[in-house]
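Notes to accompany the following structure.
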Amino acid sequence: MTMKFTRIKLYSLAVFAALLTVTACGSDDPEPVNQEELITTLRVTFTGTGPNDGEVVVATFKDLDGTGGNPPEITDPVFLTANAAYDVSVVLLNETQSPAEDITKEVEEEADEHQLFFIANNISLTYQYSDQDINDNPIGLEGNVVVSSAGSGTLQVLLIHEPNKNAIGVSAGNPENAGGETDLSVTFNVVIQ
């Protein structure tokens, strides 16, 4: 009787172990989470067109140790020419890597999941997108800026992950209805002269 009980006990233990193994290796495992990339550096290059052809202005934000560490290095102020136009290009980097990781490529590859916004406050600056994702919605890595009268204010550059690009105003550059998550928000002081 004791021998039979031990065999049943061992058999039950083996079945339990097999079930545990099958359950642990099942297909119900959660998908790996796609972690957001670290963006330490934003570089916005304004290249003059028309009357200010050849003028190049680079606005840079760099924060290698993240929020709460040392203050970021930032171009302050950014000087632009009144009554002028610029081609604009954006570069996003993770400079904690060596060599620096180009996050711009990831944004390009996942363009339908990203959009940059350029929000001018108290300055006469208008941004227009010149790049589109596979659905013909804007991205914002490339664009054009028209600057009107002289003055000073700010320009916020905002990168949103998974915005609703079909929401009202979003494709025109208004993030108010975009939703999604903010990957990066940088505000530059701008002087138009």
So which residues in segment 79-100 are modelled with pLDDT of 95 or more and among the hydroxyl-bearing types (S, T, Y), if there are any at all? T81, Y86, S89
From the option list E109, E113, single residue qualifying as crowded, with 16+ Cβ neighbours inside 10 Å and modelled with pLDDT of 95 or more is E113
Lone unmet requirement of (1) under 24 Å from A178 (Cβ atoms); (2) surrounded by 15 or more Cβ atoms within 10 Å (Cβ to Cβ) for N135: (2)
Residue in segment 70-83 that is nearest to I123 (Cα to Cα), counting only those that are without any contact (Cβ under 8 Å) to a residue 60 or more places away in the chain, under 21 Å from the mean Cα position of the chain (by Cα) and part of a loop (DSSP other than H, G, I, E, B): P72
Single residue of segment 86-101 satisfying the filter (closer than 16 Å to L155 by Cα and surrounded by 19 or more Cβ atoms within 10 Å (Cβ to Cβ)) that is farthest from the chain's Cα centre (by Cα): Y86
Residues of segment 163-178 satisfying the condition of being over 12 Å from P138 (Cα atoms), surrounded by fewer than 13 Cβ atoms within 10 Å (Cβ to Cβ) and in contact with a strand residue (DSSP E or B) (Cβ under 9 Å, 6 or more places away or on another chain): none
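The values are calculated or read from the model by the stated rules, or taken from the named source; none is laboratory data. Not measured: the values here are computed from a predicted model. Every residue, glycine among them, receives a Cβ derived from its backbone with ideal geometry; neighbour counts consider all protein chains shown.
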